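Enquirer: This is the structure, below, for whatever I ask next.
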Amino acid sequence: MFSFIRSDITQLVAYTPHPESNSGEPVASSGSIDRVDANESPFDLPSELKEKLAWTYQQLIENNRYPDAEHVVLHEAIAQYVNESLDTPITPAHISVGNGSDELIRSILIATCLGGEGSILVANPTFSMYAILAQTLGIPVVSVERSETNFEIDLAAASKALALPQNPPIRVVFVVHPNSPTANALTAAELEWLRSLPEQILVVIDEAYFEFNQTTLVGELLRQPNWVVLRTFSKAFRLAAHRVGYAVAHPELIAALEKIRLPYNLPSFCIAAATVALAHRDLLLASIPQIKASRNQLIQALSKHPALQVWPSAANFIYLRTPTGNPSSTNVALAKIAQELKAQGTLVRHTGGGIRITVGSTDENLRTLDRLQRILQA
């Protein structure tokens with residue numbers, strides 16, 4: 001390794017968005033691959049919106065000019081959308097946009113913990129990028145566990161971790177609402193605990209799946225100035241290819257994130273895509289009832305199998321494990337299930353001690369069920 005590379009980088013493992021597709025195991029050679037491993041929408045943009053974006057690219061975007069560095073129009077559109085579910089409106093000054101939520105998470109870490117000033121707290125299993133991004137910046141990660149029953153955070157362990165003298169001290173707590181990969185929303189006890197945290201600790205609430213859950217904590221931001229809510233256009237808005245996320249927080253926190261944000265961090269076409277998506281949100285979000293109905297059908301079908309334990313979901317994916325001590329599941333390793341599904345053309349995510357399956361199209365869901373049931377019966 002080059003001597004000028006940080007020594008701790010050798011210990012890091014890069015995030016792999018599709019590990020099952022890059023594992024070296026054979027993939028089905030016939031037909032298309034069902035990618036139900038990344039929590040993307042199974043539906044592309046409608047053709048009329050693609051045509052509108054094509055026209056925008058041809059007629060409005062000047063390729064020799066930098067993008068709008070201030071994101072003025074997009075901030076206003078996001079504020080209008082967020083305010084639909086609020087009694088007390090937020091303003092564009094409460095918003096920062098990033099190249100996906102990942103950029104915003106990284107900016108939060110830089111603003112709070114970099115230079116040995118702080119560490120972060122996460123409850124596993126959860127979205128792995130919090131820890132990965134922290135580690136790439138040399139920021140310590142404190143981990144606690146979740147209940148094996150309902151995946152609620154071990155609040156006693158989390159409180160103990162916050163009370164213990166840490167060097168550096170915990171400055172940021174990351175939670176997902178609903179959590180990934182386990183699909184459970186924050187409980188009343190977890191919310192009460194978050195509200196009890198002192199203002200010296202930043203609480204990051206990742207609402208990447210808000211549109212499927214329709215329960216948001218943005219309305220509490222004015223009472224909780226140490227909270228920030230993250231959202232994305234990659235899921236329900238079908239813009240995963242464009243990488244647009246946004247943060248909603250107190251204007252002083254947003255001002256700090258804006259100082260760290262790279263100039264021109266969003267390409268003009270991505271800004272246009274997010275703006276168009278918001279203008280046509282009724283059309284795009286109309287797919288949510290179908291996705292939720294398909295999700296419930298998947299859960300109902302898979303819950304009937306004695307070799308599987310499937311949990312309720314408040315998102316666009318489901319999470320399952322093989323029950324401990326169940327004789328019928330002893331020969332069914334989760335890694336083997338994921339590999340055999342891949343060999344038959346279905347990519348799922350093996351993570352956190354379970355398997356996460358994105359709700360796909362009707363045909364994808366039927367193939368997933370059929371292949372999984374055949375694997376378990378073998």
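Enquirer: Applying a 10 Å radius around every beta-carbon, put 56-64, 256-264 in order of their mean neighbour count, most first.
Expert: 256-264, 56-64
Enquirer: At GLN11 and ASN124, where each label point lies 7 Å from the Cα along Cα→Cβ, what is the point-to-point distance in nanometres?
Expert: Reported label-point gap for GLN11 and ASN124 is 1.4 nm.
Enquirer: Could you go through segment 259-266 in sequence order and give the Karplus-derived ³J(HN,Hα) for each residue, using 6.51 cos²θ - 1.76 cosθ + 1.60 with θ = phi - 60°, rounded to whole Hz, and x for Gly and Pro?
Expert: Karplus-based 3J(HN,Hα) across segment 259-266 equals 5, 8, 4, 5, x, 6, 6, 10 Hz.
Enquirer: Loop only by DSSP, 14 or fewer other Cβ within 10 Å of the Cβ. Give me the GluC sites (Glu not before Pro) in segment 99-170 that pass, ordered by residue number.
Expert: Numbers: sites: GLU103, GLU117, GLU145, GLU148, GLU152; in loops: GLU117, GLU148, GLU152.
Filter output for segment 99-170: GLU117, GLU148.
Enquirer: Let me ask another. Taking one equal scatterer on every alpha-carbon of the chain, how large is log10 of I(q)/I(0) by Debye at q = 0.09, 0.10, 0.11, 0.12 1/Å?
Expert: -0.55, -0.69, -0.84, -1.00
Enquirer: If you don't mind, there's one more thing I want to ask. Quick one: length gained pulling LYS336 to TYR81 fully straight, 0.36 nm per residue minus the C-alpha distance?
Expert: That works out to 87.5 nm of additional length.
Enquirer: Turning to a different aspect of this structure: List every residue whose amide H lies under 5 Å from the amide H of VAL172, counting only residues 5 or more places away in sequence or on a different chain, with H placed 1.01 Å from N in the peptide plane.
Expert: SER119, LEU121, LEU202
Enquirer: Is it possible to state the helix-based mean residue ellipticity at 222 nm for the chain, with each DSSP H run of 4+ residues giving -39500 (n - 2.57), the sum divided by total residues, to the nearest 500 deg cm²/dmol? What is it?
Expert: Using -39500 (n - 2.57) per qualifying helix, the result is -10500 deg cm²/dmol.
Enquirer: To make sure I understand, if each residue's beta carbon is the centre and we count other beta carbons within 10 Å, what order do THR368, THR16, THR126 fall in, fewest to most?
Expert: The fewest-first ordering by Cβ neighbours comes to THR16, THR126, THR368.
Enquirer: Now for a separate question. Excluding residues on the same chain fewer than 8 positions from LYS52, give the lysines whose Cα lies under 21 Å from its Cα.
Expert: LYS235
Enquirer: Could you work out how far apart the two model spin labels at LEU366 and ILE260 are, taking each label as a point 7 Å from the Cα in the direction of the beta carbon, and quote it in nm?
Expert: Here the modelled spin labels are 4.8 nm apart.
Enquirer: Among HIS242, ALA378, ALA208, which residue has its Cα furthest toward the positive end of the charge dipole of the chain, with +1 on Lys/Arg Cβ and -1 on Asp/Glu Cβ?
Expert: Towards the positive end, the residue furthest out is ALA378.
Enquirer: Can you tell me which of SER268, SER196, SER143 moves the most in a GNM of the chain? Springs connect C-alpha atoms under 10 Å apart.
Expert: Largest GNM mean-square fluctuation: SER196.
Enquirer: I've got another one for you. Treat every Asp and Glu Cβ in the chain as -1 and every Lys and Arg Cβ as +1, leave all other atoms uncharged, and give the resulting dipole magnitude about the Cα centre to the nearest 20 debye. It would help to have the intermediate numbers written out before the result.
Expert: Working: 29 positive and 36 negative charges, 150 e Å.
Rounded to the nearest 20 debye, it is 720 debye.
Enquirer: Checking the cross-link filter: which aspartates and glutamates have an alpha carbon closer than 19 Å to that of LYS292, excluding same-chain neighbours under 8 positions apart?
Expert: ASP34, ASP37, GLU40, ASP44, GLU207, GLU211, ASP282, ASP363, GLU364
Enquirer: May I pose another question? As an exercise, use a Förster radius of 51 Å and the Cβ-Cβ distance of GLN300 and SER3 to find the FRET efficiency, rounded to the nearest 0.05.
Expert: The formula returns an efficiency of 0.35 here.
Enquirer: Can you sort SER32, SER101, SER128 so the residue with the fewest Cβ neighbours within 10 Å comes first?
Expert: Least crowded to most crowded, the residues run SER32, SER128, SER101.
Enquirer: If you don't mind, there's one more thing I want to ask. What does DSSP give for segment 151-268 in terms of the percent of beta bridges that are antiparallel, rounded to the nearest 5?
Expert: If I count the DSSP bridges inside segment 151-268, around 35 percent turn out antiparallel.
Enquirer: Another question about this same structure. On a straight-distance basis, which aspartates and glutamates could pair with LYS259 in a cross-link, Cα separation under 19 angstrom, same-chain partners fewer than 8 positions away excluded?
Expert: Correct list for LYS259: ASP68, GLU70, ASP102, GLU103, GLU117.
No lab work stands behind these numbers, since they all come straight from the coordinates. Since the structure is predicted, the reported quantities are computational estimates derived from the model, not experimental observations. With ideal geometry, Cβ positions are generated from the backbone for all residues, glycine too; neighbour counts draw on all protein chains shown.
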